[in-house]
Structures are given as C-alpha cells and as structure tokens.
Amino acid sequence: MPKSHTISAVIITLNEQEYIAQCIVSLQKVVDEIVLIDSYSTDKTVAIATQLGAKVVQTDWKGYAETKNWGNKQAENNLILSIDADEVLSQELISALQQLKQNGVETKTVYAFNRLNNYCGKWMKYAGWYPDTKVRLFNRNEAKWEGDVHEKLVFTQAVTTQWLSGDLLHYSIKDKADHMAREKKYAKLAKPYANKGVAAFSAVAKFVKMYIVKQGFRAGKLGFQLAWISARAKFWRVR
C-alpha cells in the first residue's frame, strides 16, 4: 500500500488571532506545510500566521465545507491535516503524528484522534463532550467535506480508520455569552431543516442525555449550563 511522508495542514480563518499562534506552533512540529485559508480577517490573524511562516491564501467565505474543500486544493501535498484555528495539538498527539510520519502515512487510511474541548475555562470530559473523536488526517483525493452546520468528511471509497493517541485541544467556548451566541448562529443555519413539532421533546431529550446520561452533573455548575443552553438551542431553531 502506498505511503507518504509529507503532510499539509489546512486551517480556515476569520479573525482568529487569539489561538492561531498556538495552533501553528504545534503544527510546525509535525507537518511540512501550513496553509491558512483566510476570509479577509480584520484582526492580527494574517500577520501572526505570516510571521510564523504559514502560507496565507485569502478568499471569500464559501461556507464551512466548501471553504475547507477549496483550501485543500491549495496545498502542495495530498495528505491533509485539517485543523481549526482554535485547536492545538497536545504533546502526546504530536509524538503520535511524528512517529506515524516517520514510518510513512498510509494514503488509503484515514486517521482519527480524540478532541478535548475547553468549556468556559474547564476541560470538559462529561456531557458527551469527550472523547469527541474526529477524523482529521486524510488523502484529499479520496475525501471531501459536506454540510454547513456541522460539516463532516465523506469518502469517495471505502477507507480504513486508524486511531492515534493524544488529544486535539479545542479552545471551544470562552463563556456563557459566547456559548449562547454560537448556538444561535448554528440554530439560524439549521432552521431550514428544523421540525417545529418535536422541538420541546428534542430539548428535553437533549438536556437529559447531556446532564444525566452523559454525566454532565459531574462538571458542576458548568455541566448544568452546558446542557441547559444546548437544550434551549432546540427551540431557537424553530423561532
């Protein structure tokens, strides 16, 4: 089976100055190229990325999936490590990726790892937020992103998935206001697909699943807040 030793990281950005440096520095230990697909940021995102040696390509926003697909085409290598601007490779994940790269990456295999989300300053391992496993390393010729609410990878042929140790550290939500704003944004995108008749049931089911079944209560007040706002979002989709 063919193997590759070269990887391009692709990041889409729009005003992501807060964590972009940490993101890029962690990637520099693993990949051969870092490509920033920027939708005309007005903050210091581009300046920071350029200073750190990333290749910056600017384009109009095309939606999450299409912007990522377009970005993958701008890379020099077929193997793509897709990462968001607020995500940072943990040291354990860096080591796993370095070992994988040294041995050669199977081009017919996709690679998944766990994502650990930071919620209001707390690394959240409850409420269904962990391990939050994601496929993020793949051959661009055999995969594409689809969907604009929560985009996902779709493969053009059967692939083998290999799991790597270590966490992708995701600085997800800063505070309560940030969480509510994000949920309202996603609710607006999902509104055309929402079913008004099941909104109340969906909200209750969401809260019960996150707070009780997935043990959100073990995270204290933040666990309750996370489950409550996530449940309320079911109503925002039909308003």
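Read-outs: derived from the displayed coordinates by stated rules, not from any lab. Model, not experiment: these values are computed from the prediction. Glycine also receives a Cβ, built like all others from the backbone with ideal geometry; neighbour counts cover every protein chain displayed.
Work out, step by step, the length gained on full extension between V154 and F217: first 0.36 nm times the residue separation, then minus their alpha carbon distance; give nm to one decimal. Show your work: numbers first, answer last.
On the way: separation 63, 0.36 × 63 = 22.68 nm, distance 3.42 nm.
Result for the pair: 19.3 nm of gain on full extension.
Over all directions, what mean area does the Cα convex hull of the stretch 176-236 project, stated in square nanometres? Don't skip to the end; give the middle numbers.
Numbers: hull surface 15.7 nm².
Mean projected area of the Cα convex hull: 3.9 nm².
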Pull up all non-local amide H partners of A143: gap of 5 or more, or a different chain, and H-to-H distance under 5 Å with H placed in the peptide plane. T156
Once both label points are put 7 Å beyond Cα along the C-beta direction, the E92-L52 separation in nm becomes 2.3 nm
So what's the gap between the Cα centers of the stretch 1-52 and the stretch 64-130, to the nearest angstrom? 12 Å
For the chain, the percent of all C-alpha pairs falling in each 10 Å bin, from 0 up to the bin holding the max distance, is 7, 28, 35, 23, 6, 0
Dmax and Rg, reported as Rg then Dmax, of the stretch 108-200 (C-alpha, Å): 16.0, 43
For the stretch 4-79, run through the trypsin sites (Lys or Arg not before Pro) and keep only the ones in DSSP coil with at most 14 other Cβ atoms within 10 Å of their Cβ. K29
Within the stretch 56-126, GluC sites (Glu not before Pro) in DSSP loop having at most 16 other beta-carbon neighbours inside 10 Å: E76
Find which of V25, A9, S90 sits farthest along the positive direction of the dipole of the chain, computed with +1 on the beta-carbon of Lys and Arg, -1 on that of Asp and Glu, about the Cα centre. S90
Where the Cα atoms of the stretch 1-118 are projected onto their three principal axes, how long is each span, largest first, in whole Å? 43, 27, 25
Length gained if S165 through N15 is fully extended, taking 0.36 nm per residue and subtracting the Cα-Cα distance, is 51.0 nm
Low-density loop positions, chymotrypsin sites (Phe, Trp or Tyr not before Pro), the stretch 31-73 - DSSP coil, at most 13 other Cβ in 10 Å: Y40, W61
Could you give the nm distance between label points at H5 and F235, where each point is 7 Å from its Cα heading toward the beta carbon? 5.9 nm
Charge dipole magnitude, Cβ of K and R +1, D and E -1 - the stretch 176-236, Cα centre, debye nearest 20: 80 debye
Using the alpha-carbon atoms, what tilt in degrees (0 to 90, nearest 10) does helix 176-190 show relative to the longest principal axis of the chain? 80 degrees
Using helices alone, what [θ] at 222 nm do you get for the chain, with -39,500 (n - 2.57) per DSSP H run of 4 or more residues, divided over all residues and rounded to the nearest 500? -10000 deg cm²/dmol
Using unit Cβ charges (K, R positive; D, E negative) and no other charged atoms, how large, in debye to the nearest 20, is the dipole of the stretch 18-137 about its Cα centre? 280 debye
